[in-house]
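Asks: Let me give you the structure first, and then I'll get to my questions.
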């Protein structure tokens with residue numbers, strides 16, 4: 001059995017989800033970090049839901065939502081002539097919902113950590129709100145973006161339940177590594193299951209080590225010795 | 001000359017800033033008051049950083065705020081620059097990056113000294129490639145001042161700009177601020193808790209108390225008012241005199257100054273010959289004589305006329321005496337006052353110890 005299609009598909013899914021999600025999570029996280037609206041608590045809870053819900057619950061409703069009769073699925077069908085369920089793009093949409101908290105939460109924490117005093121200084125130097133966001137908030141939140149990116153990527157790689165429910169097991173289209181392992185075990189192909197599992201174990205270790213390394217590097221950076229001369 | 005017209009109301013919890021004041025922006029305007037008087041809040045309102053403030057605010061022809069017609073110019077569109085109490089440098093940029101940030105968003109209202117001029121004037125050349133986190137507090141504040149100046153604003157707001165800066169750099173920075181103020185006609189509003197600093201730096205002084213303007217006048221006149229409680233620390237400290245450097249006495253290491261044409265010596269070399277400088281004379285270091293004394297170690301003797309006498313409830317009294325156009329403050333005991341039978345209008349001699357004069 002060839003492992004490469006499922007590995008490649010997983011990498012493609014995780015990369016695309018990460019890029020799209022970082023863009024989409026930015027305004028949500030910024031709003032949550034800065035608003036005083038009473039709706040913020042509700043949105044906080046909503047964003048965190050995928051952390052506690054069983055993937056089957058999310059998968060079930062996403063299946064209805066993405067199906068040709070569902071709101072998004074119908075629109076997509078009219079737009080592209082293709083079905084969202086049991087397709088790669090369907091997996092991307094599902095992953096965006098499923099990994100939302102892993103992107104929003106680090107960004108939100110990071111935005112909150114940006115010193116408002118610096119933004120005030122930027123304003124008095126003539127920077128508009130958008131200018132301040134692009135040239136002050138974003139670079140000062142590098143660490144949050146790195147953490148959010150790594151966690152989203154890793155979490156999407158580790159997805160299983162939702163993928164199974166809305167993507168099924170179509171080689172080259174929806175058969176990601178976690179599904180491939182499941183199938184290998186079901187068909188008693190323990191060799192393949194071992195190979196793919198070890199790849200995921202190694203990958204997960206690397207990703208976590210990278211995340212902690214990034215955090216350590218940045219906290220060392222901010223503890224620069226102050227020189228007096 | 002531009003007028004800044006303020007009619008503002010701001011509530012922050014218990015604190016209320018309620019201010020109606022027109023200020024002719026000439027020279028450096030000092031804002032003084034005890035902590036909690038609303039000095040910083042006033043600057044923030046002018047800059048548009050307090051969105052809860054209501055009222056009107058205009059600078060010359062530009063209306064920055066008129067709450068009655070829901071007009072509010074956001075801070076980034078006001079042609080001002082703000083040096084905060086903290087340096088507030090952008091930590092992800094180098095010193096040069098911070099300066100470029102300002103230059104790219106230049107307000108270009110006034111002609112301004114060039115980058116080289118400002119960098120040299122504030123002695124930033126060796127710091128340009130460094131990150132803000134590696135600078136000392138004073139260095140950071142100098143970068144913040146340079147960054148504000150580089151936007152070429154119509155008005156410069158400074159909140160305690162000199163508090164983090166050491167004595168040596170302060171001595172170089174003060175003339176630079178004066179030069180920028182005069183040469184480029186950039187009005188400066190400067191908040192300080194240091195009466196000393198404002199006495200020598202400001203031309204006009206706004207005194208705040210509990211969120212309200214108590215007095216606004218030119219600095220010497222305001223400082224000579226005995227009815228203002230806040231001025232008591234200034235009065236304790238004394239008066240500021242305009243003087244001109246006359247010559248240096250190398251043999252005795254003294255600088256001879258002229259105050260209203262009358263010679264006065266201070267130790268060491270001060271300023272350059274011909275330069276106009278300000279002198280600070282502490283009230284407690286001035287003595288009064290009714291006749292010109294002889295055989296005294298005090299070398300500085302100025303003829304003066306008493307303009308005001310105020311007796312305190314304690315052992316002390318204060319009097320103001322004018323030398324030409326300038327006022328000197330004297331602190332003495334009520335016993336001396338009565339013994340010498342001093343009265344307003346009387347001609348006296350003021351004895352000033354050379355060592356008690358700070359020159360800026």
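Each reported figure results from applying straightforward, stated rules to the coordinates on display, with no laboratory input. Note that the structure is predicted; figures quoted are calculated from it, not measured. Reconstructed Cβ throughout: ideal geometry from the backbone, glycine too, with neighbour counts over all protein chains shown.
Asks: Percent of Cα-Cα pairs per 5 Å bin, from 0 to the last occupied bin, for the stretch B:1-60, please list those.
Replies: Going out from 0 Å in 5 Å bins, the stretch B:1-60 shows 4, 18, 29, 27, 15, 5, 1, 0 percent.
Asks: Could you give me the radius of gyration and the Dmax of the stretch B:3-227, taking only the C-alpha atoms into account and expressing both in angstrom?
Replies: Computed over the Cα atoms of the stretch B:3-227, radius of gyration and Dmax are 17.1, 51 Å.
Asks: Separate question: Counting each pair of different Cα atoms once, what's the Kirkwood radius of the stretch B:239-359 in Å, rounded to one decimal?
Replies: Working: mean 1/r = 0.0675 Å⁻¹.
This gives a value of 14.8 Å.
Asks: Looking only at other chains, what is the average number of their beta-carbon atoms within 10 angstrom of each beta-carbon in A:115-122? If you can, show how the numbers build up before the last one.
Replies: Values: counts 4, 0, 5, 6, 1, 8, 17, 7.
Across the residues of A:115-122, the mean count of other-chain Cβ atoms within 10 Å is 6.
Asks: In addition: Would you please calculate the Kirkwood hydrodynamic radius of the stretch A:57-123 over all C-alpha pairs and express it in Å, rounded to one decimal?
Replies: Numbers: mean 1/r = 0.0705 Å⁻¹.
Result for the stretch A:57-123 stands at 14.2 Å.
Asks: Largest first and in whole Å, give the semi-axes of the protein assembly as shown's equivalent ellipsoid, each being the square root of 5 times a Cα gyration tensor eigenvalue. Write out the running numbers ahead of the final one.
Replies: Working: eigenvalues 993, 125, 75 Å².
After diagonalising the Cα gyration tensor, the semi-axes are 70, 25, 19 Å.
Asks: Provide the three semi-axes, in whole Å and in decreasing order, of the ellipsoid equivalent to the stretch A:119-176 as defined by the square roots of 5 times the Cα gyration tensor eigenvalues.
Replies: 42, 11, 8
Asks: Let me know the Rg and Dmax you get for the stretch B:112-156 when you use only its Cα atoms, in Å.
Replies: Taking only Cα atoms of the stretch B:112-156, I get Rg and Dmax of 10.6, 32 Å.
Asks: Further question on the same structure: How many times 2.2 N^0.38 Å is the alpha carbon radius of gyration of chain A?
Replies: Values: Rg = 20.5 Å, N = 229, 2.2 N^0.38 = 17.3 Å.
Cα-based Rg divided by the globular estimate yields 1.18.
Asks: Quick one: work out Rg over Rh on the C-alpha atoms of the stretch A:130-229, Rh as Kirkwood radius.
Replies: Values: Rg = 20.0 Å, Rh = 16.7 Å.
Rg/Rh: 1.20.
Asks: Another question, if that's okay. So if we plug the beta-carbon distance of residue B:183 and residue B:311 into 1/(1 + (r/R0)^6) with R0 = 45 Å, what FRET efficiency do we get, rounded to 0.05? Each step should come with its number before you reach the end.
Replies: Values: r = 46 Å, r/R0 = 1.01.
Rounded to the nearest 0.05, the efficiency is 0.50.
Asks: What are the radius of gyration and Dmax of the stretch B:282-350, computed over its Cα atoms and given in Å?
Replies: Radius of gyration, then largest Cα-Cα span, for the stretch B:282-350: 11.4, 34 Å.
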